[in-house]
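The values are calculated or read from the model by the stated rules, or taken from the named source; none is laboratory data. Fair warning: this is a prediction, and the values are worked out from it, not measured in the lab. Positions of Cβ are backbone-derived with ideal geometry, glycine not excepted, and every protein chain shown enters the neighbour counts. Each accessible area value is taken on the protein alone, full model and side chains, heavy atoms only, with ligands, DNA and RNA left out. Shrake-Rupley method; radii C 1.70, N 1.55, O 1.52, S 1.80 Å.
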Amino acid sequence: PHLAALVLARGGSKGIPLKNIKLLAGVPLIGWVLRAAIDAGVFHSIWVSTDHDEIEKVAKQFGAQVHRRSPEVSQDSSTSLEAITEFLNHHHEVDIVGNIQATSPCLHPSDLIKVADMIQKEGFDSVFSVVRRHQFRWSEVKKGENKMTEPQNLNPAKRYRRQDWPGELYENGSFYFAKRHLIEKGYLQGGKMAYYEMRAEHSVDIDIDIDWPIAEQRVLSFGYFGKEPLKEVKLLVCSIDGCLTNGRIYVTEDHKEMVSYDYRDIVGIDLLKKRGIQVRLISDRDCSKTLSAMQLGCVAKVSVTNKLQVLKDWQEDMGLSWKEVAYLGNEESDVECLKQAGMSAVPADACAAAQKAAGYICKNRGGCGAVREFAEHIFLLLEKVNSARKQ
């Protein structure tokens, strides 16, 4: 049977404009679940259903196919079931739909693999995700009613300790898998039905803006970053023009060049060095006088015609794997380096080709704190590496 992953990503979010492609920990929100779906390797096709050009562009960047949904199922009042049904009407080859929510960025491929087995091998018609919670519920008393609240799942005279109570299962909205015949009858849950219990730390659902900074920390701690495990970064290579500086060159009347940089970036470089991470600089043009004036104390290579070759030479000389190399670039000449490095980033104002190749897109522009921001991102991921080692 043809199992298709389907992510619904309408452009008209009322809470957070274009929420589905807003950057979360440097990656468009929808990118986290698409990465997990692709790496799971269980889907015959992976789709994003959208009505928006920018969402379509991002979906294709992450390797998904796009179904352009009609205006009739793109309204505020439209339901997920209506959008899924329309998708099936256009794709008769699909037998099973795995509807994955774009707002669940801590989804892991291992969860999707197990659910695919439940549908394809164990014969369930529908499987949906749940999380276990230990929360006591009380009856609601509306304003003006002369009533007392009543306990719903506890005896107040004998409250459970958390370790003595198994808790309750709640839908976490991460995914809903269902066979075609069930959806055509108007159901996403039904037939031979089962739940799949996800780990609590992977159950992140972004609904309102206040969740965003909390979700970023959760993703950095528990998100899925790819098939290969993260390694400790030993080398950061940074493009000078447009990353360390803002890319502008000021020329005086006596033909001297001047550039500007952000002191926060210099502090970021110093912090990296203190953590034992080498920082090296690279540039297409000859900016040796500028580097001398900045007194950064970093190995640098200027007037470079092939940045990737220089990066390979440095990586081999230091005896590093690519997973131990980070790269910050912003131009088309940086694209191959961004693809090769284990950790890669671009400033917010980088060219489109560089943004597409990078794993992290900074909030800050080049020469305005992007180096410091990427340094802090590296430190957070190193905490994840160290935590995995302890486990």
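At a temperature of 4 °C and a viscosity of 1.567 mPa s, determine how fast region 64-104 diffuses translationally according to Stokes-Einstein, using the Kirkwood radius over alpha-carbon pairs as Rh; express D in µm²/s, rounded to the nearest whole number.
Stokes-Einstein gives a translational diffusion coefficient of 115 µm²/s.
For the chain, what is the accessible area per residue in Å², given a 1.4 Å probe and the full set of protein chains?
Solvent-accessible surface per residue comes out at 51 Å².
If we sort 123-133, 68-78, 356-366 on the protection proxy, mean other Cβ atoms within 10 Å, highest first, what's the order?
356-366, 123-133, 68-78
Where the Cα atoms of region 37-193 are projected onto their three principal axes, how long is each span, largest first, in whole Å?
So the extents along the principal axes, rounded to whole Å, are 56, 40, 31.
How many percent of all Cα-Cα pairs in the chain sit more than 30 Å apart?
50
When every alpha-carbon pair in region 253-308 is counted, what percent end up more than 18 Å apart?
Summing the P(r) of region 253-308 above 18 Å gives 41 percent of all pairs.
Using the structure shown, list the pairs from 60/307; 234/273; 121/185; 60/227; 227/312; 234/274 with a Cα-Cα distance above 18 Å, or answer none.
Check vs 18 Å cut-off fails for 60/307; 121/185; 60/227; 227/312.
Find the relative contact order for region 134-223 and round it to a whole percent, using C-alpha pairs within less than 8 Å whose residues are 6+ positions apart.
Values: 51 pairs, mean separation 16.9, N = 90.
Over region 134-223, the number comes to 19 percent.
List the extent of the Cα atoms of region 235-389 along each of their three principal axes, largest first, rounded to whole Å.
57, 30, 29
Are there any chymotrypsin sites (Phe, Trp or Tyr not before Pro) in region 134-167 that are in a DSSP loop and have at most 14 other Cβ atoms within 10 Å? List them by number.
136, 160
For region 110-245, rounded, prolate or oblate, judged on the Cα gyration tensor with a ≥ b ≥ c (square roots of eigenvalues), a/c < 1.5 rounded, else prolate if a/b > b/c?
In terms of gyration-tensor shape, oblate.
Could you pull out every whole DSSP H run in the chain that spans at least 24 Å of Cα extent along its own axis and averages -1.0 or higher on the Kyte-Doolittle scale?
Taking the DSSP H segments of the chain (at least 24 Å long, mean hydropathy at least -1.0), we get 370-390.
With a cut-off of at most 14 other beta carbons within 10 Å, and DSSP calling the residue loop, which GluC sites (Glu not before Pro) in region 80-171 qualify? Please list them. Spell out each step's value before the answer.
Numbers: sites: 82, 86, 93, 122, 140, 145, 168, 171; in loops: 93, 122, 140, 145.
Answer in residue order: 93, 122, 140, 145.
How do 238, 368 stack up against each other in accessible area, from largest to smallest, with a 1.4 angstrom probe?
If we order 238, 368 from most to least accessible, we get 368, 238.
Nothing charged except the Cβ atoms of Lys and Arg (+1) and of Asp and Glu (-1): what's the magnitude of the dipole of the chain about its Cα centre? Round to the nearest 20 debye.
Roughly 1200 debye for the chain.
Before rounding to the nearest 500, sum -39500 (n - 2.57) across all DSSP H runs of length at least 4 in the chain and divide by the residue total; then give [θ] at 222 nm in deg cm²/dmol.
The helix-only estimate for the chain comes to -9500 deg cm²/dmol at 222 nm.
Please report, as a whole percent, how much of the solvent-accessible surface of the chain comes from carbon and sulfur atoms (probe radius 1.4 Å).
Of the solvent-accessible surface of the chain, carbon and sulfur hold 48 percent.
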